[in-house]
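First the structure, in the form of structure tokens, and then the observations on it.
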Amino acid sequence: MDVPSMERENLLMPEVIRCLRNLGGIASRNQVVNELKEAADIIPEDYIDFYRESKHTGNSYKPFNFQYNYAVKHLAYAGFVELPKRGTIKLTEKGRSVDLESFDSEEMVRKISEPIFQEKSQKKSKKVSTSSELEEINEDDDSVSQEDQWKEKLINALKGFSPQKFELFARSLVNAMGVDIDEKIGIKYIADGGLDGFGYITSDDFRTTRVAIQAKRWEGKVSSPEIDKFRGAMDKFNAEFGIFITTSAFTRDAIAASREGTRVITLINGDKIADLVAQHELYVTPVTTYVLDDDFYFEKN
């Protein structure tokens, strides 16, 4: 975890392009991060989910988010990707056709993007062009974005829940996703057969599926043995489908284990929890904000 920020950004740039290609050329920022976790051996999966405490605010944050967001910004300024709307990354023709085997982040990206960064930072009277500089100034600055800030605040709050309250939250979340919760299975806070919830979901063609729910308020990553144990609990109640929710993340082995056999288990990590909370407005209030057009408002006279 002691790799310099700029070097980490440079490593990320071709991997972001590679992941976007795997995802069809356009994807959300979170989809690219998940692809990096699963496919990019060059970025340690433990580092992606590593939290650090801010010296300024005392809040927890992910250093990776700074480096990832800056890597994406550099790629956008250099013309390899576009950002058509908030939270979405799209490959350009340049990004689709570049040879990643000979990709040089310094020569092919930074030589183009750094002058743009400098120009924009001068307009704002703040010269910041690397994630390490941003961390030194303010861990809550705009590179991580308001969206990332509230998500991390949400995850920190969920980690502070009691096990019972977190299980209650998890059931309310899957209920908002369309699962009809069974009031008899998995809702008592005693030995419940290894489940934290159970329910039924009906598809558009009126097929009803039994759904088992597992909720883990963990600090460390969920590993494959936990997935195997959950699948055993699913067997007890003849569940055809499983949803495993955690405030942390899943190891690559756990992701692979969830896809084995005839009953795939849906994995919901901390980032996905935040996306679903926003989508279903679960105990949150949406707020509209605006971003100033730098080229207009901060134009040099």
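Computed quantities for the displayed model
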quantity	calculated
Distance violations [Cα-Cα > 28 Å] among LYS73/LYS272; LYS111/LYS151; LYS62/LYS165	LYS111/LYS151
Accessible area expressed per residue, region 218-301, with surrounding protein chains retained (probe 1.4 Å, Å²)	60
Surface share of carbon and sulfur [accessible, 1.4 angstrom probe, percent] for region 64-120	50
Apportionment of accessible area to carbon and sulfur, region 162-258, percent (1.4 Å)	51
Accessible area in square angstrom per residue, region 53-121, 1.4 angstrom probe	48
Residues LEU292 and SER172, FRET efficiency given R0 of 51 Å [Cβ-Cβ distance, rounded to 0.05]	0.85
Linear extension gain, LYS165 paired with ASP180, 0.36 nm per residue minus alpha-carbon span	3.5 nm
Probe 1.4 Å - accessible area at HIS56, Å² to nearest ten	110
ALA278 versus THR208: modelled label distance in nm, points set 7 Å from Cα along the beta carbon direction	3.5
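The values are calculated or read from the model by the stated rules, or taken from the named source; none is laboratory data. Keep in mind that what you see is a predicted model, and the values were worked out from it rather than measured. FYI the Cβ positions are ideal-geometry reconstructions off the backbone, even for glycines, and counts take in every protein chain you see. The accessibility values were calculated without ligands, DNA or RNA, using every heavy atom of the protein model including side chains. Shrake-Rupley method; radii C 1.70, N 1.55, O 1.52, S 1.80 Å.
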